[in-house]
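Here the structure is laid out as structure tokens; the discussion comes afterwards.
The values are calculated or read from the model by the stated rules, or taken from the named source; none is laboratory data. Note that the coordinates shown come from a computational prediction; the quantities given were computed from them, not determined experimentally. Positions of Cβ are generated from backbone atoms using ideal geometry, with glycine treated the same way; all protein chains shown enter the neighbour counts. With ligands, DNA and RNA removed, areas are computed over all heavy atoms of the protein, side chains included. Shrake-Rupley method; radii C 1.70, N 1.55, O 1.52, S 1.80 Å.
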Amino acid sequence: GCLLGGRGRGPDEYEKRYSGAFPPQLRAQMRDLARGMFVFGYDNYMAHAFPQDELNPIHCRGRGPDRGDPSNLNINDVLGNYSLTLVDALDTLAIMGNSSEFQKAVKLVINTVSFDKDSTVQVFEATIRVLGSLLSAHRIITDSKQPFGDMTIKDYDNELLHMAHDLAVRLLPAFENTKTGIPYPRVNLKTGVPPDSNNETCTAGAGSLLVEFGILSRLLGDSTFEWVARRAVKALWNLRSNDTGLLGNVVNIQTGHWVGKQSGLGAGLDSFYEYLLKSYILFGEKEDLEMFNAAYQSIQNYLRRGREACNEGEGDPPLYVNVNMFSGQLMNTWIDSLQAFFPGLQACCFHVLIGDVEDAICLHAFYYAIWKRYGALPERYNWQLQAPDVLFYPLRPELVESTYLLYQATKNPFYLHVGMDILQSLEKYTKVKCGYATLHHVIDKSKEDRMESFFLSETCKYLYLLFDEENPVHKSGTKYMFTTEGHIVSVDKHLRESPWKEFFSEEGGEDQDGKSVHRPKSPELKVINSSSNVSHFLQGWFAGGRGESNANLSSRAPGRKLVAR
């Protein structure tokens, strides 16, 4: 059941342990431990791996694309030979107030990183890890109020925005020659879509590009990027089941046929739901909120099992399961670690809409109970057998993210204790000679020689923010949101202004349920207000800028496959 109890119940062991205040000295100690964790990983990457993409922390070496085996998608989908870990970590440096290293890192990125590479990468991974980080760092540099300290760069001429634009242009071929408007999963940064490209992609990979592409479009004054990303979202949305309103996890981009009919909150779907809400928060487009609300209702109707209340009533505690998108019937008895993001999304709803905090508390407690058992989250957990199905843990951030967001929503010190448990587990089980290593097996704690970039961009960042109550993220008066890769974005009115509003207006219609929907005017790729010269971006938008088989992909980052590496 839920670890927080207390509603209609007497105190239990968890309440006795966690309901007291978390001492300020302990909080400062945990904040410093989280910062030290980031610094140890980052410094070792810079010393032993840069300019390669990732650090192999056991052998203290760098890792890049697997040129010898193009089919090694677990590596090649993510690593593009563009200093991935450095790029992905930029805004974490700023959030931790390290202005000198942030400025040094930005200059290194500007001077050494190029996207003119013969690298075939996953569109989703390149978007959330690289494009999103460049845009976040650019906005931090150009923020007139500089809440994190002086993060300005002398003689900065929007180079990171130029680089983001260059990368996005190289990703655009994925959206061409697709009959549905749903993009190909991969592109070669030099040559475009590979001739032997797969026509199958996962829903999260194709439908979670709108935040980054939308920000880029609104900074450049070029609707192209937002338009193609929004078209993909709507194409997927229009393929949902007439009976349940659910989407599957793998789709054919040419036929619109659902190859994978599993509907759940984890691999293949998670960030699709996340970005429906976050796109609305950022851009204020009403249809994004309408889609999110409808999707959330379908999730509650068909995926949620167990008793109605978290702490009261008969039956099992609530759980979200994997079902057939057409019938709503249970497909298997496992959940994956990526689903641990969902309580954080529900907490996000709490701040923006009428959130489902009680349900979020309960689901978070389920994942934390698994963490407590193993000192990590296995990639898949069989809730019927109460045992892991897939045993590795690649330092994922989802449980940490939800812990942080639930603390912000409730201010319950329980979540500080959860964060401390996670920090101590990471230090005990994953720290190695030159960084932090993937756990190959959560039971025997054997390791793999890989430290993925999201460990520095997300896991360490959320742990640090959990304990740093005075951080400008919480105190500056600006409203911030995090992308699905943990990159910080200020929520302000400038991103809600688009000069192409009429272009995005669409012909009304009805879906097969008779519900009114918006449909794209044309499947053709169009360029409106296009400019290859970034100097044409709308002036003043920064003022006050605070504010697999190839398809069996594990979602939130679809390239993170649910197989042991």
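The length gained on full extension between residue 145 and residue 157, counted as 0.36 nm times the residue separation minus their Cα-Cα distance, comes to 2.5 nm.
Between residue 358 and residue 326, the contour length at 0.36 nm per residue exceeds the Cα-Cα span by 8.7 nm.
Based on the alpha-carbon gyration tensor of region 102-209 and its eigenvalue square roots a ≥ b ≥ c, which shape applies: rounded if a/c is under 1.5, prolate if not and a/b is larger than b/c, or oblate? It is prolate, given that a/c is not under 1.5 and a/b is the larger ratio.
Could you tell me the distance between the Cα centroids of region 375-423 and region 181-241, to the nearest Å? So the two Cα centres are separated by 30 Å. Let a ≥ b ≥ c be the square roots of the eigenvalues of the Cα gyration tensor of region 317-436; is it rounded (a/c under 1.5), or, if not, prolate (a/b larger than b/c) or oblate? Since a/c reaches 1.5 but b/c is at least a/b, the shape of region 317-436 is classed as oblate.
Subtracting the Cα-Cα distance of residue 104 and residue 309 from 0.36 nm times their residue separation leaves 68.7 nm of extension gain. Which aspartates and glutamates have a Cα less than 19 Å from the Cα of residue 445, not counting those fewer than 8 places away in the same chain? Counting by Cα, and skipping residues close in sequence, residue 445 has these aspartates and glutamates nearby: 336, 379, 389, 421, 427. Between the beta carbons of residue 60 and residue 411, assuming R0 = 35 Å, the FRET efficiency works out to 0.30 to the nearest 0.05. In terms of packing, defined here as the mean over residues of other Cβ atoms within 10 angstrom, the peptides 330-340, 447-457 line up highest first as 447-457, 330-340.
Computed from phi, the 3J(HN,Hα) profile of region 470-476 under the Karplus parametrisation 6.51, -1.76, 1.60 (θ = phi - 60°) reads 8, 4, x, 4, 9, 10, 7 Hz, with x in place of Gly and Pro.
In this structure, the pairs whose alpha-carbon distance is over 24 Å, taken from 278/479; 433/461; 278/475; 104/493, are 104/493.
When a 1.4 Å probe is rolled over the protein heavy atoms, the share of accessible surface on region 254-296 that falls to carbon and sulfur comes to 56 percent. Across all Cα pairs in region 368-476, the calculated P(r) in 5 Å bins from zero up to the longest distance comes to 2, 12, 22, 23, 18, 12, 7, 3, 1, 0 percent per bin. With the simple model of a label 7 Å out from the Cα in the direction of the Cβ, residue 372 to residue 475 spans 3.2 nm. Would you mind pulling out the separation of the Cα centroids of region 133-173 and region 427-463, in Å? Using only Cα atoms, the two centres lie 29 Å from each other. Mind running the shape call on region 190-328? Use the C-alpha gyration tensor, a ≥ b ≥ c as the square roots of the eigenvalues: rounded below 1.5 for a/c, prolate if a/b tops b/c, oblate otherwise. Oblate.
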